[in-house]
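Below: the structure, in structure tokens.
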Amino acid sequence: MTEILVATGIPKLARGVRLRHDEARGQWVLLAPERVLNPDPVAVEILKKVDGTRSIDAIVDELASAFTVDRERVATDVDAFLAGLVEKGMIEIASPLIGDAAS
Amino acid sequence: MNVVADPHTHREAPVRPAPPAPYGMLAELTHRCPLQCPYCSNPVELDRRNVELDLDTWKRVFSEAARLGVLQVHLSGGEPTARRDLEDMIRHCVEVGIYTNLITAGVGVTPERLQAISDAGIDHVQLSFQGATAETTDKVSNFRGAHERKLAVAREVRRLGLPLTINSVVHRANIHQIPAFIDLALSLDAKRIEIAHSQYYGWALRNRGALMPTREQVFWALDVVEEARARLKGKLTIDAVVPDYYAKYPKPCMNGWGRQSLNVTPSGKVLPCHAAETIPSLDFWNVREHSLSEIWTDSPAFNAFRGTDWMPELCRSCERKEIDWGGCRCQAMAIAGDAAATDPACHKSPLHAHMLALAEADAEGSSEYDYRRYLTPDRPS
Ligand code: SF4
Ligand code: SF4
């Protein structure tokens, strides 16, 4: 079952999950309990923006303009990717305060 | 130093290509521990406090590990919290970008201490349970009240928002508790449980007659784990280390000798696996004399069984040689008396039937434990 993510939700990496550049191997890695994952380049661009302050909407906006791709497509990709990590418990989504959504 | 292609400098071709960098390092900070598990993976000859590496040396080792490519450090022991400078080590690992995993038995760890460990930046906590009930935990660890204390630590870990893994080593006296171990993990809000069958080196080898489960128990356990995995997918990750005494093929021990990880003992020896010291012919280098990358690349112990060249013909000509890497060197040593033999767990080994017979005889053995302890002149080995 894939969760439906609210676009105004603010994703952040769960405690115990870290994204870092692995200098020795020249790649990005996502570190979790007893796991080392190798996110692909698109995933890395998304994960770099998951900082606990940007909303999903903001992340999609920034990626769409940075890579000049169709916003709809970016939104679908970001949603699917984040939902997968939410399911694995690696990302948590905080809902923004009511009334704050438009700011 | 890593050999990198650099068009601006002349380099001699290395004699042997540098091995790929390790991902993980087990840091055995101390052998001191309040518990006395009869299967403890520490060697029978435990290091005493006065030979332990000091904080500055550990910090250097962590820095060298990070440069070498180590991504995750497992802070273990003995009981790692017996080191009062544990928090300084964690902070240092965070500084050099290493992911930290605490492997603790939990006894003697106060809420204040856990808070400090959390503040220092620990990423993940693994807490051992010797049984799924107080009676079993206290009996196996030989420590009255251990179970209650572990429960309190588990709750505190989760209250601090840290990810929790429950570690359970299973053997004849508690293997039937696997379903209860899984329920325990769920009730403590752990996201992961490790169910590891006892591995027979060091203390566990001494206690094999009291630990060895029967074949029926082992196959029952495999089914239980498989069923629970399917049922709890997405809720609880179950990582199981399966026993190979009753199997057809050996386990891919360490995913290959000197391939992905290394182990530093309390006194600074660097081992390819925690049991490697049971192989008397190996020459281990110490971090007091060598850098970690020198040891990883050049030390005789790491090169002894790296890759496939060392293998006996039976393995070298086998299509599984890069799947199980010929199995476990320490098990070959323990059963065949030759660390370079095919692991007797493999059905192709001429000693396979002998090993099976040993296991079956041990499964009928006495249930008295020879508890882990410092050996003293009046209680020699
Ligand atoms: S296995 Fe038991 S005795 Fe050995 S270090 Fe762990 S808790 Fe202590
Ligand atoms: S012969 Fe060697 S490589 Fe082949 S399965 Fe047995 S242990 Fe593994």
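Taking a straight line from the alpha carbon of A:LYS48, these aspartates and glutamates sit under 13 Å away, with near neighbours fewer than eight places off in the same chain left out: A:ASP40, A:GLU62.
Sort B:132-139, A:51-58 by packing, meaning the average of other beta carbons within 10 Å per residue, with the highest value first.
B:132-139, A:51-58
Note on A:22-33: average number of Cβ atoms from other chains within 10 Å of each residue's Cβ is 5. Computed per residue of chain A from DSSP H runs no shorter than four, each worth -39500 (n - 2.57), the mean residue ellipticity at 222 nm is -11000 deg cm²/dmol.
Among the residues of B:51-63, the average count of other protein chain beta-carbon atoms within 10 Å of the residue beta-carbon is 0.
Counting charges near B:GLY327 (Lys, Arg +1; Asp, Glu -1) among other residues having Cβ under 9 Å from its Cβ returns a value of -1. Just check segment B:246-359 against the gyration tensor rule for me: Cα atoms, a ≥ b ≥ c as the square roots of the eigenvalues, rounded for a/c under 1.5, and otherwise prolate or oblate depending on whether a/b exceeds b/c. It is prolate, given that a/c is not under 1.5 and a/b is the larger ratio.
Debye sum, Cα scatterers, chain B, no solvent: what log₁₀ I/I(0) at q = 0.06, 0.11 1/Å? Debye curve over Cα of chain B, log10 I(q)/I(0) at q = 0.06, 0.11 Å⁻¹: -0.23, -0.81. Per-residue 3J(HN,Hα) values for segment B:21-34, derived from phi via the Karplus relation 6.51 cos²θ - 1.76 cosθ + 1.60 with θ = phi - 60°, read 5, x, 8, x, 9, 8, 9, 7, 6, 7, 9, 5, 6, x Hz in sequence order (x marks Gly and Pro). Peptide A:83-91 has a mean shielding of 1, counted as Cβ atoms of other protein chains within 10 Å of each residue's Cβ. Semi-axis lengths, largest first, of the ellipsoid equivalent to segment A:11-90 are 22, 15, 11 Å, with √(5λ) applied to each eigenvalue of the Cα gyration tensor.
Converting phi to 3J(HN,Hα) with the Karplus coefficients 6.51, -1.76 and 1.60 and the offset θ = phi - 60°, segment B:139-147 yields 5, 5, 8, 6, 8, 5, x, 4, 4 Hz in sequence order, with x at every glycine or proline. Each Cα pair under 8 Å and six or more residues apart adds its sequence gap; the mean of these over the residue count of chain B is a relative contact order of 19 percent.
Which percent, to the nearest 5, of DSSP beta bridges fully inside the protein assembly as shown are antiparallel? Among the beta bridges of the protein assembly as shown, antiparallel pairing accounts for roughly 35 percent. Each peptide in B:49-57, B:292-300 receives the mean, over its residues, of other Cβ atoms within 10 Å, and ordering these scores from highest gives B:292-300, B:49-57. Annotation for segment A:1-86: chymotrypsin sites (Phe, Trp or Tyr not before Pro) lying in DSSP loop with at most 11 further Cβ atoms inside 10 Å of their Cβ are A:PHE67.
Taking all Cα pairs closer than 8 Å and separated by 6 or more residues, the relative contact order of segment A:11-90 comes to 27 percent. Overall, the anisotropy analysis places segment B:139-264 in the rounded class: the square-rooted eigenvalues a ≥ b ≥ c of its C-alpha gyration tensor yield a/c less than 1.5. With respect to chain A, whose longest principal axis is taken over its alpha-carbon atoms, helix A:71-87 is tilted by about 60°. Applying the Karplus relation 6.51 cos²θ - 1.76 cosθ + 1.60 with θ = phi - 60° to segment B:217-225 yields 3J(HN,Hα) values of 4, 5, 6, 4, 4, 4, 5, 4, 5 Hz, where x marks Gly and Pro.
When the C-alpha to C-alpha distance is required to be over 24 Å, the pairs from A:LYS12/B:LYS191; B:LYS150/B:LYS233; B:LYS59/B:LYS251; B:LYS59/B:LYS191 that qualify are B:LYS150/B:LYS233; B:LYS59/B:LYS251; B:LYS59/B:LYS191.
Taking every DSSP helix (H) stretch of at least 4 residues in chain B, weighting each as -39,500 (n - 2.57) and dividing the sum by the residue count yields a mean residue ellipticity at 222 nm of -9500 deg cm²/dmol. The alpha-carbon of B:LYS269 sits under 12 angstrom from the alpha-carbons of these aspartates and glutamates, leaving out residues fewer than 8 places away in its chain: B:GLU28, B:ASP47, B:GLU52, B:GLU277, B:ASP283, B:GLU289. Rounded, prolate or oblate for the protein assembly as shown? Axes are the square roots of the Cα gyration tensor eigenvalues, ordered a ≥ b ≥ c, and the cut-off for rounded is a/c under 1.5. Because a/c hits 1.5 or more and a/b exceeds b/c, the protein assembly as shown counts as prolate.
Since every read-out is calculated from the coordinates, none of them should be taken as a lab result. Being a predicted model, the structure only gives us computed values, none of them experimental. Positions of Cβ are generated from backbone atoms using ideal geometry, with glycine treated the same way; all protein chains shown enter the neighbour counts.
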